[in-house]
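Encoded as structure tokens, the structure appears first; notes follow it.
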Amino acid sequence: MILATTAMAACGGAEKPPVKTPPPPPAAEPVAETEAAPATKPGDDPKESDINISDAIREACGLTDTDAYFHYDSANIRAEDKAVLTKLADCFTEGALKGQTMRLVGHADPRGEPEYNLVLGGERADNVAQAIIGAGLDKNQVTTTSRGEMDAKGVDEDSWSKDRRVDIVLVKNP
């Protein structure tokens with residue numbers, strides 16, 4: 001040990017800078033449990049929503065009952081449902097209803113809060129409008145609104161599924 005001390009003194013006597021030790025790693029934050037999916041209302045299968053096309057539009061555009069009824073996922077339009085929306089866009093741009101206007105009215109079943117249902121109905125109507133506009137309809141030929149749960153008549157899952165819809169109605173132009 002005396003030899004080590006003498007050797008250090010013989011090396012110029014300069015003190016070595018203190019060795020910096022890295023700071024300890026930050027305390028690990030507690031691992032959050034995976035977020036649960038938002039709670040859904042019992043029996044609320046969004047695939048059981050539909051779009052109702054008024055008889056006047058179906059007749060003028062030559063749409064069958066099968067064309068006028070289809071499911072979509074919550075407020076989203078499925079790719080396979082776009083065929084009927086394309087037929088509607090064609091009918092309102094080049095067909096029997098050329099230049100006419102349609103109104104899309106979104107609806108919801110009564111199980112959510114009224115404000116939530118009003119917003120959901122609006123999202124449904126807006127998404128259908130965007131799909132029809134994407135298929136070629138001029139945006140000035142479509143308006144959207146929501147009734148939320150105001151017209152809901154359902155009392156069980158079968159009837160609630162009919163409350164979750166978008167109605168497409170013809171607006172009489174002056």
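The values are calculated or read from the model by the stated rules, or taken from the named source; none is laboratory data. This one's a predicted model, so the numbers in the text were calculated from it and none came from an experiment. Heads up, the Cβs are rebuilt from the backbone with ideal geometry, glycines too, and the neighbour counts pull from every protein chain shown.
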Response to the item:
Inside the range 101-125, the number of residues satisfying the requirement of being within 17 Å of V171 (Cα to Cα) and of a type in the set (D, E, K, R) is 1
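Considering only the range 130-165, state which residues are farther than 15 Å from T93 by Cβ, at pLDDT 90 or above and not charged (D, E, K, R).
Q130, T143, T144, T145, S146, G148, M150, A152, V155
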Fill in: Hits in the range 127-149 (condition: surrounded by fewer than 18 Cβ atoms within 10 Å (Cβ to Cβ) and part of a helix (DSSP H, G or I))
Q130, I133, G134, K139, N140
Worksheet item: So which residues in the range 75-121 are buried (at least 16 other Cβ atoms within 10 Å of the Cβ), touching a Cys at 6+ places or on another chain (Cβ under 7 Å) and without any contact (Cβ under 8 Å) to a residue 40 or more places away in the chain?
Response: K87, C91
Response to the item:
Here the residues within the range 116-149 that are aliphatic (A, V, I, L, M) and under 22 Å from D55 (Cα atoms) are A125, V128, A129, A131, I132, I133, A135, L137, V142
